[in-house]
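*Asks:* This structure is in structure tokens; I'll ask about it shortly.
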Amino acid sequence: MTNASSHGGSSAAPDPNTALVWFRRDLRADDHAALFHALKRHTRVFCVFVLDTDILDPLPRADRRVAFILDALRVLDADLGRLADGAGLIVRHGPARKELPAVVAALGAGALYFNHDDEPDALKRDTAVGDALLSRGVSVQSFKDHVIFERSEILTGSRQPYGVFTPYKNNWLKTVNDFYLSAYPVSRYARHLAPLTDALQADLAALPASSRSHAKAATPKHHRRVPTLEEIGFESVAVNPKLMDGSDGAQRLFKDFLTRIDRYDEQRDFPAVKGPSYLSVHLRFGTVSIRQLAREASARARKGNEGAQTWLSELIWRDFYHQVMHHHPHVVGQAYRPEYDRIQWESGAEAERLFKAWCEGRTGYPIVDAAMTQLNETGYMHNRLRMVTASFLIKDLGIDWRWGERYFAQQLLDFDLAANNGGWQWAASSGCDAQPYFRIFNPVSQSEKFDGDGKFIKRYLPVLEKLPPKLIHAPWTARAVELQACGVTLGRDYPEPIIRHEVARMATLDRYSVVKDRKLPEGAAEA
Ligand SMILES: Cc1cc2nc3c(=O)[nH]c(=O)nc-3n(C[C@H](O)[C@H](O)[C@H](O)COP(=O)(O)OP(=O)(O)OC[C@H]3O[C@@H](n4cnc5c(N)ncnc54)[C@H](O)[C@@H]3O)c2cc1C
């Protein structure tokens, strides 16, 4: 499997036997397209990760993702060392567009290898790095690694990108075979990984572009190549330990999920149940290979395992949203369907107040508040609740989906531009194969249906612990004495609802009337 985009380049000066592999959203040493191809074609291969200050500088100083990345880099560094004696990860801290050319020059590398990242900013960065290297005669090779099918690999019969998921999925399933799912056997050529010698590390530490290098050349035997959070200007922050340990942690989670995958289709919608895989952060940072996951799911799905079939569909949604972003980059910032940008969202101080209450889990709707608390406290939110909270913000509070998209992007450990944008535009009805605009989630029925006994709500809102199932989904419908018997006074211990869903629903249908001038279809309903 190659699918390489060769950017060409040739020169006598850089050493054609030496290559540098640039790790980005693929933080593992196993089944790695760029690493495999570099090792196969070159006899002296180095690996680098750049803590890119263009990305890191605007982030809040306490960011779970940075903690996750550093942890994953430590595992990657150790794994490279296990693959070949003395090998390891070069870690740089600075703007990637400057660091990469500097490291390439210091190593005398004749080629740079990396895996595709199709986010618009990443593409711009890669073009800048590629152009700088090409002008020096260094070849630049990039590969598909992050998805099973990318860009224009799955098209309609008339060679157009799909706008509807189900036919895309059917074509995906028809096209996929062992070729696309097999692993890149990195270890076969691991002997070509070059050791990070003391002299080399001294050279790297002295690089002018690296004002913030963390290689400690003076103590080579004991140095830490991967810096701490504090060393790169971040604060320590708690991340669920079950999600940590880089690629080792991903394998642990996947092994555990395989014991539950058969029941995924039945359990995945209930946030109090351990139903999904929790692998999203690992897929985001590539601490697990999508080929491994899709291969295992496909093998089970082909045997009729419905849990595996449903889970495979979710992995296909991921590919789907990535190809949407590739073909329609305007979705970053604008509605996929332009007519939805005519909608007038709420704005001003009142909208700001409602938005803040939503962010902080103070809407008075327990399922929404518990979900937002899960997000704020852990950096994760269950998929069903992402749909419920997104719908609530857009269709109950009348707030622009982009506000919610931005908040999720700041908070989610698994934040992925394509999936997050796809999810938000799905909820806003403006996206590719989105929820129709007239289908409006009723937060109370969603709560009753998917958290019937309120177990999830109570986990994140202990103040409601004593409320029985009949009161917990809509506490404002209870009599004051009933609530008091459970130790709750609305407005004091838990908020009054900030809107009435029935009223908001009518306002939303009105708001969305600018996109459809016909009457509501038969069955226009709540979900
Ligand atoms: C408003 C909204 C925002 C979202 N933002 C993100 C995001 O930033 N990052 C992200 O990875 N997912 C996002 N999702 C999709 C989904 O909610 C998460 O992928 C899922 O909850 C992660 O948990 P899991 O790994 O246990 O999922 P599982 O149920 O075990 O699914 C396995 C994997 O399939 C992929 N997947 C599942 N559902 C979707 C989906 N609807 N779209 C795309 N890929 C999917 C993910 O990579 C996930 O890890 C969003 C969904 C919505 C409705």
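The values are calculated or read from the model by the stated rules, or taken from the named source; none is laboratory data. Quick caveat, the model's predicted, so the values are computed rather than measured. Backbone-built Cβ (ideal geometry, glycine too); neighbour counts: all protein chains shown.
*Asks:* Just name the residue that is nearest to residue 367 (Cα to Cα) out of those in the range 262-309 that are β-branched (Val, Ile, Thr) and near the ligand (Cβ under 9 Å from one of its atoms). Reasoning before the result, please.
*Replies:* Restricting attention to the range 262-309, the residues satisfying the condition of being β-branched (Val, Ile, Thr) are 273, 281, 287-288, 290.
Next, from what is left, pick out any that are near the ligand (Cβ under 9 Å from one of its atoms): 281, 290.
On the way: 281: 23, 290: 32 Å.
Taking the candidates together, the pick is 281.
*Asks:* Give me a count of the residues in the range 12-61 that are assigned to a loop (DSSP other than H, G, I, E, B) and within 28 Å of residue 179 (Cα to Cα).
*Replies:* Selection size over the range 12-61: 11.
*Asks:* Residue check: is residue 447 of a type in the set (S, T, N, Q), farther than 30 Å from residue 69 by Cβ, away from the ligand (no atom under 11 Å from the Cβ) and outside any helix (DSSP H, G or I)?
*Replies:* no
*Asks:* Any idea which residue in the range 406-444 is farthest from the ligand (Cβ to nearest atom), counting only those that are aromatic (Phe, Trp, Tyr) and assigned to a helix (DSSP H, G or I)?
*Replies:* Ranking the candidates gives 407 first.
*Asks:* Moving on to the next point. Looking at the range 51-59, is at least one residue modelled with pLDDT of 95 or more and within 15 Å of residue 109 (Cα to Cα)?
*Replies:* no
*Asks:* Let me ask another. Scan the range 161-182 for residues that are in a loop (DSSP other than H, G, I, E, B) and in contact with a helix residue (DSSP H, G or I) (Cβ under 6 Å, 6 or more places away or on another chain) and report the count. Please lay out each step first, then the result.
*Replies:* Of the range 161-182, the ones in a loop (DSSP other than H, G, I, E, B) are 161-164, 176-177, 182.
Those still in the list that are in contact with a helix residue (DSSP H, G or I) (Cβ under 6 Å, 6 or more places away or on another chain) too: 161-162.
Matching residues across the range 161-182 total 2.
*Asks:* Taking residue 367, is it out of contact with any Phe, Trp or Tyr (no Cβ under 6 Å at 6 or more places or on another chain), closer than 27 Å to residue 167 by Cα and more than 14 Å from the ligand (Cβ to nearest atom)?
*Replies:* no
*Asks:* Among (1) free of Cβ contacts under 8 Å to residues at least 60 places away in the same chain; (2) crowded, with 18+ Cβ neighbours inside 10 Å; (3) within 13 Å of the ligand (Cβ to nearest atom), which single condition is residue 483 missing?
*Replies:* With respect to (1) free of Cβ contacts under 8 Å to residues at least 60 places away in the same chain; (2) crowded, with 18+ Cβ neighbours inside 10 Å; (3) within 13 Å of the ligand (Cβ to nearest atom), residue 483 is out only on (3).
*Asks:* Evaluate the following for residue 374: is it among the polar types (S, T, N, Q), assigned to a helix (DSSP H, G or I) and within 12 Å of the ligand (Cβ to nearest atom)?
*Replies:* yes
*Asks:* On to the next question. State all residues of the range 438-452 that are surrounded by fewer than 22 Cβ atoms within 10 Å (Cβ to Cβ) and in contact (Cβ under 8 Å) with a residue 40 or more places away in the chain; if no residue qualifies, say none.
*Replies:* Scanning the range 438-452 gives 438, 439, 442, 444, 445, 450.
*Asks:* What are the residues in the range 326-340 that are in contact with an Asp or Glu (Cβ under 7 Å, 6 or more places away or on another chain) and touching a residue at least 12 places away in the same chain (Cβ under 8 Å), if any? Talk me through it step by step, then tell me what you get.
*Replies:* If we filter the range 326-340 for residues that are in contact with an Asp or Glu (Cβ under 7 Å, 6 or more places away or on another chain), which is where we start, we get 326, 334-335.
Matches in the range 326-340: 326, 335.
*Asks:* Still on this model: Look through the range 385-405, keep the residues that are outside any helix (DSSP H, G or I) and out of contact with any Lys or Arg (no Cβ under 8 Å at 6 or more places or on another chain), and return whichever of them is surrounded by the most Cβ atoms within 10 Å (Cβ to Cβ).
*Replies:* Only one residue fits best here, namely 397.
*Asks:* What about residue 368, is it at pLDDT 95 or above and within 15 Å of the chain's Cα centre (by Cα)?
*Replies:* Here the answer is no, as residue 368 does not meet what is asked.
*Asks:* Among residues belonging to the range 242-259 that are more than 12 Å from the ligand (Cβ to nearest atom) and in contact (Cβ under 8 Å) with a residue 24 or more places away in the chain, point out the one that is farthest from residue 66 (Cα to Cα).
*Replies:* Only one residue fits best here, namely 251.
*Asks:* Also: Among the residues of the range 46-67, which ones are within 16 Å of the chain's Cα centre (by Cα) and of a type outside the set (A, V, I, L, M)?
*Replies:* 63, 64, 65
Per-residue answers, yes or no, for (1) over 30 Å from residue 67 (Cα atoms); (2) modelled with pLDDT of 95 or more:
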position	(1), (2)
5	yes, no
16	yes, yes
19	no, yes
23	no, yes
33	no, yes
40	yes, yes
46	no, yes
